[in-house]
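The values are calculated or read from the model by the stated rules, or taken from the named source; none is laboratory data. The model shown is predicted, which means the values in this text are computed figures rather than measured ones. SASA here: full protein model, heavy atoms, side chains in, ligands and nucleic acids out. Shrake-Rupley method; radii C 1.70, N 1.55, O 1.52, S 1.80 Å.
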Amino acid sequence: MEKVICKSTIDKTASLFLKCLFIVPAILMIIALADGDILDFSWFSAYFFFGGILIAIVIGVFIFALNSCSMVITNKRVYGKATFGHQVDLPLDMISAASTGLFKSVGVSTASGRISFWLLENKDELYSSITNLLLERQKEKTTLISEKSNSVDEIKKFKELLDSGIITQEEFDAKKKELLGL
């Protein structure tokens, strides 16, 4: 059964800070317009005005890209919305690593690449949850490998007993099935 371990939505404070960045291009455009007549731009005014428009566009794209991120971590998968609202659903077996970064981001690495979730409220909790799940998975794989190697050793011992005539073929086959979990 799938169980939610940790989830997060966008950090409202960080989102508000990004939106406040629109003040910078607005100030640049006001300086340009205050310099003189709207139709009579000097080069100085034009640089401020068009620079303000360019900065507003860049900030707008940045806000649009990051403002819809969310993440849910379960015992089986990581899913949510990444940059530009892309839906992401990653089985835990596909995840190879996790990382944190600027703007309260959590990165999830797979064989296909890295996916970033930005402006998350509790990025450290999300990061540690993913890391702990990956460590548990690694321990399980190590345990299975050691159990299988123990089973192989046991089968070899029973094969020697069969070859020496101590046990019958039926007893060997039954023990082999038991050890292999068949």
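Relative contact order for segment 69-173: 18 percent, from Cα pairs under 8 Å spaced at least 6 residues apart, divided by residue count. How large a share of the accessible area of segment 74-145, in percent, is made up of carbon and sulfur atoms when the probe is 1.4 Å and the other protein chains stay in place? So the carbon and sulfur contribution to the accessible surface is 56 percent. When the Gaussian network model of the chain links Cα atoms closer than 10 Å, the mean-square fluctuations of Ile130, Ile95, Ile57 top out at Ile57. Taken over the alpha carbons of the chain as equal point scatterers, the Debye sum produces base-10 log I(q)/I(0) values at 0.08, 0.11, 0.16 Å⁻¹ of -0.50, -0.69, -0.94.
Averaged per residue, the chain has 65 square angstrom of accessible surface, using a 1.4 angstrom probe with ligands and nucleic acids left out.
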